[in-house]
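First the structure, in the form of structure tokens, and then the observations on it.
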Amino acid sequence: MPSLLIYARAVHFAATIMAAGIVFFAVCIFEPALRGAPSGALAATLRRRFAWSAWISLAFCVLSGASWFVLTATSMSGQPLSQIYSQDVLWTVLSQTDFGNDWFVRLVVACALGGTIVPLLSKNGPTSPSLKTIAAVLAAALVGSLAFAGHAIGAEGAEGIIHPVADVLHLIAAAAWAGSLVPLALLLATAGQDSTSLGMARTATLRFSTLGIVSVATLLVTGIVNTWYLAGSIDALTETDYGRLLVIKIVLFFAMVGVAAINRLRLTPRLVADENAKATQRARRALCRNATIETALGAAVLAIVAALGTLPPGNHLTQHAAAGAIPADASFQHIHGEHGMADVTIEPGHVGTVSAAVHLLNEDLDTLVARQLTLALTAPTPGSKPITRSAIVDADGTWHVGGIALTAPGNWTVAVDALLPSGKHLKLAAPIVIDPK
Amino acid sequence: MRLLIAFTTAAIVILAPVVASAHAHLDHASPPVGATVSTAPHDLTIWFTQNLEPAFSTVAVTDSAGARVDEGKPRINGNTMSAALKVLSPGTYHVHWHAVSVDTHTTQGDFTFTVSGK
């Protein structure tokens, strides 16, 4: 299920950013670049291509959004996919949760944006200036409201305001930059081969360059704010899946910035300079190629973003002092007791042969040392005898048991019996959910 | 490439000191986790590290025989979840909570408290 959710999120992020980016490009770059240029067949051709791209993006946005919604409803309710249609779960999620309310508003905004795309990217272009403003605001709302479906919400105090605002700006800037790359590549592939359309290609490239600088600056500042709130620590950046993916995302982002810098500092001046027709055309083709490379890097970034949203952020490590983030397919239980706590991870968390890891903690969340530890797992079926195993401790103080055969899904009972150096036993027990295979 | 490495290193160094939240975890509870209280509490309240979704967050309090001693659906306000309790006799009570945070993630956990009655 988490992998399906990652796919749905990846497609939704990409489609939303594309749809919003095309609108931003049309309003802020393309239409102004046409001023003074002989508008005609070329402009109509480009508008038609932008319109098709926007409609396809919007369709994928709505379909992947619906998938994301259904998958999240199953996870929030704990009901299997087959049950949520018959138990009003979807309606409860839509009407009674922040996520559902956000999704309802976003669906309305997506429909309204579709309504503005028709006149905005019609053959003759937008006739009313207010239409362009409305379209840009709706595009910003569609992409920015994604922030309210993620890790940015839920906190109190200053963080409860600063983090969502930073995330909204981060998403809008990502759409303005990465989402505009495809229409830019389309424009550079189509326009600029003759002297009449070269002026338009030059103006569009210069305007995109300015938009890119503003967007990258916004992404950098808001990215630092987001990471400040979510990563946890330098240790979490290197020792958790969340942190490692975040580092890869940062590296890919700077690779995109590197390509953008080449475009800005080397290729754009060559395109704009009126010295050598061959050099101008080479620069145009190179810019078109680089925009495609940046789009591919941007797609990789979005795939990582899709996975990040399903993982516990790195700060989970510091809160629970566990020896790593919880794997996506694992079952996890945190058991409190009078004399200590245990973080129990069963991986994979479904029927089959699994391994278990137990990390004992004291009330200060430091590792609790034990002389020996026994793990017992009892199946949900009545009368089941517990599977009892002795665990082996590793250098980090985490206890491990491998090769446990779990035969039935449901609420198993996990029991930990640790012999402490004082001679006392720390006994903890709790239910833990095992999924069907 | 050197510029890229410098930028990445700078970004990671800048991000070093951090505070954070996401996913609702138990912060503290009343009666406290693992505590022994002399008088039977009328309510159980749990504070979480994040705001909760009332529609899907639950808590069940059971006695040593496994019988429910809470009055049903908990009251949820922001990051707190409260359940009214029946009259508790001395003994150890097991609390199982299931929290769905507003960022849609689910967490669950267990703890016990004891009523000594002395």
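A few comments on the model shown:
- Verdict on residue B:98 being within 13 Å of chain A (Cβ to nearest Cβ) and of a type outside the set (Ser, Thr, Tyr): yes
- Condition check for residue B:40: surrounded by fewer than 14 Cβ atoms within 10 Å (Cβ to Cβ) and away from chain A (no Cβ under 14 Å): no
- One residue alone among A:39, A:57, A:82 is at pLDDT 95 or above and polar (S, T, N, Q), and that residue is A:57.
- Selection count, region B:69-79, where residues are more than 14 Å from every other protein chain (Cβ to nearest Cβ) and part of a loop (DSSP other than H, G, I, E, B): 4
- Test: residue A:410 is surrounded by 11 or more Cβ atoms within 10 Å (Cβ to Cβ), of a type in the set (Gly, Ala, Ser) and over 18 Å from residue A:334 (Cβ atoms): yes
- All positions within region A:91-141 that are within 12 Å of chain B (Cβ to nearest Cβ) and not charged (D, E, K, R): A:91, A:92, A:93, A:94, A:95, A:96, A:97, A:99, A:100, A:101, A:103
- Helices (runs of 4 or more DSSP H) contained in region A:1-85 and holding at least 1 residues within 16 Å of residue A:305 (Cβ to Cβ) and not hydrophobic (A, V, I, L, M, F, W, C): A:2-25, A:41-77
Let's see how each residue does on (1) over 10 Å from the mean Cα position of the chain (by Cα); (2) closer than 26 Å to residue A:76 by Cα:
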{"residue": "B:24", "(1), (2)": "no, yes"}
{"residue": "B:30", "(1), (2)": "yes, yes"}
{"residue": "B:34", "(1), (2)": "yes, no"}
{"residue": "B:37", "(1), (2)": "yes, no"}
{"residue": "B:41", "(1), (2)": "yes, no"}
{"residue": "B:44", "(1), (2)": "yes, yes"}
{"residue": "B:48", "(1), (2)": "no, yes"}
{"residue": "B:56", "(1), (2)": "yes, yes"}
{"residue": "B:62", "(1), (2)": "yes, yes"}
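- Residue check: residue B:66 meets all listed conditions (1) within 13 Å of another protein chain (Cβ to nearest Cβ); (2) surrounded by fewer than 21 Cβ atoms within 10 Å (Cβ to Cβ); (3) within 25 Å of residue A:95 (Cα to Cα); (4) not basic (Lys, Arg) but one, namely (3).
- Selection within region A:145-165: residues that are buried (at least 22 other Cβ atoms within 10 Å of the Cβ) and part of a helix (DSSP H, G or I). The member of this set that is modelled with the highest pLDDT is A:146.
Results for (1) touching an Asp or Glu at 6+ places or on another chain (Cβ under 8 Å); (2) assigned to a loop (DSSP other than H, G, I, E, B), shown as yes or no for each residue.
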residue	(1), (2)
B:40	no, yes
B:47	yes, no
B:65	no, yes
B:81	no, no
B:87	no, yes
B:95	yes, no
B:99	no, no
B:103	no, yes
B:113	no, no
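- Any hit, region A:228-239, residues being farther than 24 Å from residue A:296 by Cβ, modelled with pLDDT under 85, buried (at least 17 other Cβ atoms within 10 Å of the Cβ) and more than 7 Å from chain B (Cβ to nearest Cβ): yes
- Looking across region B:51-97, the residues that are of a type in the set (A, V, I, L, M) and more than 17 Å from residue B:28 (Cβ to Cβ) come down to B:55, B:60, B:65, B:67, B:69, B:84, B:85, B:87, B:88.
- In region A:116-130, the residues that are in a helix (DSSP H, G or I) and more than 11 Å from residue A:23 (Cβ to Cβ): A:118, A:119, A:129, A:130
- For region A:405-437, a tally of residues being part of a strand (DSSP E or B), within 34 Å of the chain's Cα centre (by Cα) and more than 14 Å from chain B (Cβ to nearest Cβ) returns 2.
For (1) outside the structural domain of residue A:182 (by TED's automatic domain parsing); (2) among the hydrophobic types (A, V, I, L, M, F, W, C); (3) surrounded by fewer than 16 Cβ atoms within 10 Å (Cβ to Cβ), each residue gets a yes or a no:
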{"position": "A:210", "(1), (2), (3)": "no, no, yes"}
{"position": "A:217", "(1), (2), (3)": "no, yes, yes"}
{"position": "A:248", "(1), (2), (3)": "no, yes, yes"}
{"position": "A:260", "(1), (2), (3)": "no, yes, no"}
{"position": "A:263", "(1), (2), (3)": "no, no, no"}
{"position": "A:269", "(1), (2), (3)": "no, no, yes"}
{"position": "A:277", "(1), (2), (3)": "no, yes, yes"}
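- Search result, residues across region A:177-198 that are over 21 Å from residue A:52 (Cβ atoms) and in a helix (DSSP H, G or I): A:177, A:195, A:196, A:198
- Residue count for region A:389-435, restricted to those that are out of contact with any Asp or Glu (no Cβ under 8 Å at 6 or more places or on another chain), farther than 30 Å from residue A:79 by Cα and touching a residue at least 12 places away in the same chain (Cβ under 8 Å): 14
- Residue under evaluation residue A:273, criteria (1) within 14 Å of chain B (Cβ to nearest Cβ); (2) exposed (fewer than 14 other Cβ atoms within 10 Å of the Cβ), criterion not met: (1)
- Scan of region A:110-121 for residues that are under 24 Å from the mean Cα position of the chain (by Cα) and buried (at least 19 other Cβ atoms within 10 Å of the Cβ), ordered by number: A:110, A:113
- Flag if residue A:195 is among the hydroxyl-bearing types (Ser, Thr, Tyr), at negative phi and crowded, with 24+ Cβ neighbours inside 10 Å: no
The values are calculated or read from the model by the stated rules, or taken from the named source; none is laboratory data. All values derive from a computational prediction rather than experimental measurement. Because the Cβ atoms are built from the backbone with ideal geometry, glycine has one as well, and the counts that use them run over all protein chains shown.
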